[in-house]
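S.K.: Have a look at the structure that comes next, please.
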Amino acid sequence: MKLGSLRSGGDGRLAVVSRDLARAVLVPEISPTLQAALENWEAVAPELQAAAEQLESNSAAGFALDPAALAAPLPRAFQWLDGSAYVNHVELVRKARGAEMPPSFWTDPLMYQGGSDVLLGARDPIVARDTAWGIDFEAEVAVITDTVRAGAPAAEAGAAIRLFALVNDISLRHLIPGELAKGFGFLHGKPPTAFSPVAVTADELGSAWDGRVVNLPLRVHWNGELFGAPEAGVDMTFDFPTLIAHAAKTRPLSAGTIVGSGTVSNRDRSRGSCCIAERRVLETLDLGEPKTDFMAIGDRVHIEMLDTLGHSIFGAIDQEVTEPT
């Protein structure tokens, strides 16, 4: 099934969305919000599934869905953790600035804790307070978990996955090096993150979900042109169960924790990239300097994943860079 949140207050109103993303129905009698549903998943999931099946069987049911009316599936979350599971991407970025790749990066996942009190909807703008900060998109896949106990092994952690979503982990590239040089992680370099219109259960992915990774291309268009379509299931050094177990190494995870894959990246360069920084790295390695600029006012990024029949699974993240109002 596909679940979204209509804009309303801090946590939105939970909506069950049709498979074609054209219609939706509110289900307050089942659960008022997605967060509440996740906290009582075993009880409410069958009822939500029944509502989804009824919506599919009756073409007149529900209301026409405007994607702009949707907030992020979780408009605010108790925890947003972003990994860097495609170590090939990390290696490239470090190589471009002449930094050695610690061997531990291949065996111990990188992960940071992002701001989760404001999560953007798929049509919300990227507000550019200063384009000199180097605005970049980062297309990712994420999972949303149930409760995970501290110290849970990967097999147990993977069983806690409840939903999947797409992510645009917006980055301000020119602010990040100075922050990392302080040795204390990201803050200013990571403004609010955007999410796909809906989050989906594993059955919506079909055989593309193998219990570890999502085996489909993640398509990114920048100003209407295909920027990249790397395979999300290829070159993912740390799969989702491993990432969740890493996050829960010393502390429990609450229901509604979001764990991101990090920028999807393939060694096969013909697949393109999911962020501008990676293209700039490749240009630097090939040409001696980057040729592609970061995003400007009026630029638009479109992130989407299609099933094997060409249907949109999550709907599209479609964001324009705008000036502050």
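S.K.: Filter segment 154-193 down to the residues that are closer than 25 Å to Asp239 by Cβ and acidic (Asp, Glu), then identify the one that is most open to solvent (accessible area, probe 1.4 Å).
M.R.: Kept after step one, since they are closer than 25 Å to Asp239 by Cβ, are these residues of segment 154-193: 154-171, 185-186, 190, 193.
Applying the additional criterion that residues be acidic (Asp, Glu) yields 156, 169.
Details: Glu156: 73, Asp169: 2 Å².
So, considering only residues that are closer than 25 Å to Asp239 by Cβ and acidic (Asp, Glu), the one most open to solvent (accessible area, probe 1.4 Å) is Glu156.
S.K.: Also: Would you point out the residue of segment 249-263, among those that are assigned to a loop (DSSP other than H, G, I, E, B) and within 17 Å of Gly114 (Cβ to Cβ), that is most open to solvent (accessible area, probe 1.4 Å)?
M.R.: So in segment 249-263, the residues assigned to a loop (DSSP other than H, G, I, E, B) come out as 249-252, 254-257, 261-263.
After this cut, where a residue has to be within 17 Å of Gly114 (Cβ to Cβ) as well, the list is 251, 254, 256-257, 261-263.
On the way: Arg251: 92, Ser254: 60, Gly256: 0, Thr257: 1, Ser261: 1, Gly262: 3, Thr263: 7 Å².
Within segment 249-263, the match that is most open to solvent (accessible area, probe 1.4 Å) is Arg251.
S.K.: Being part of a helix (DSSP H, G or I) and within 22 Å of the chain's Cα centre (by Cα) is the filter; apply it to segment 82-105 and report the residue that is farthest from Arg173 (Cα to Cα).
M.R.: By that ranking, first place goes to Phe105.
S.K.: Right, here's the next one. When only residues in segment 128-185 that are assigned to a loop (DSSP other than H, G, I, E, B), touching an Asp or Glu at 6+ places or on another chain (Cβ under 9 Å) and aliphatic (A, V, I, L, M) count, which is farthest from Ala199 (Cα to Cα)?
M.R.: The qualifying residue farthest from Ala199 (Cα to Cα) is Ala128.
S.K.: Could you tell me which numbered condition Cys274 fails, if it satisfies all but one of (1) within 19 Å of the chain's Cα centre (by Cα); (2) open to solvent by 40 Å² or more (accessible area, probe 1.4 Å); (3) not aromatic (Phe, Trp, Tyr)?
M.R.: (2)
S.K.: Return yes when Ser196 is crowded, with 24+ Cβ neighbours inside 10 Å, in contact with a Cys (Cβ under 9 Å, 6 or more places away or on another chain) and not hydrophobic (A, V, I, L, M, F, W, C) and no when it is not.
M.R.: no
S.K.: Tell me which residues, restricted to segment 52-68, are surrounded by fewer than 19 Cβ atoms within 10 Å (Cβ to Cβ), aliphatic (A, V, I, L, M) and within 14 Å of Gly4 (Cα to Cα).
M.R.: Ala64, Ala68
S.K.: Looking at Ser254, Ser265, Ser270, which one is without any contact (Cβ under 8 Å) to a residue 24 or more places away in the chain and either in contact with a His (Cβ under 8 Å, 6 or more places away or on another chain) or of a type in the set (Ser, Thr, Tyr) (or both)?
M.R.: Ser270
S.K.: Step by step: first the residues of segment 278-297, then only those that are open to solvent by 40 Å² or more (accessible area, probe 1.4 Å) and outside any helix (DSSP H, G or I), then the one that is nearest to Tyr86 (Cα to Cα). Which residue is that?
M.R.: Filtering segment 278-297 for residues that are open to solvent by 40 Å² or more (accessible area, probe 1.4 Å) and outside any helix (DSSP H, G or I), the one nearest to Tyr86 (Cα to Cα) comes out as Pro290.
The values are calculated or read from the model by the stated rules, or taken from the named source; none is laboratory data. Bear in mind the structure is a predicted one, so any value in this text is a computation, not a measurement. As a convention, Cβ positions derive from the backbone with ideal geometry for all residues, glycine included, and neighbour counts pool all protein chains shown. Surface accessibility is based on the protein's heavy atoms, side chains included, excluding ligands, DNA and RNA. Shrake-Rupley method; radii C 1.70, N 1.55, O 1.52, S 1.80 Å.
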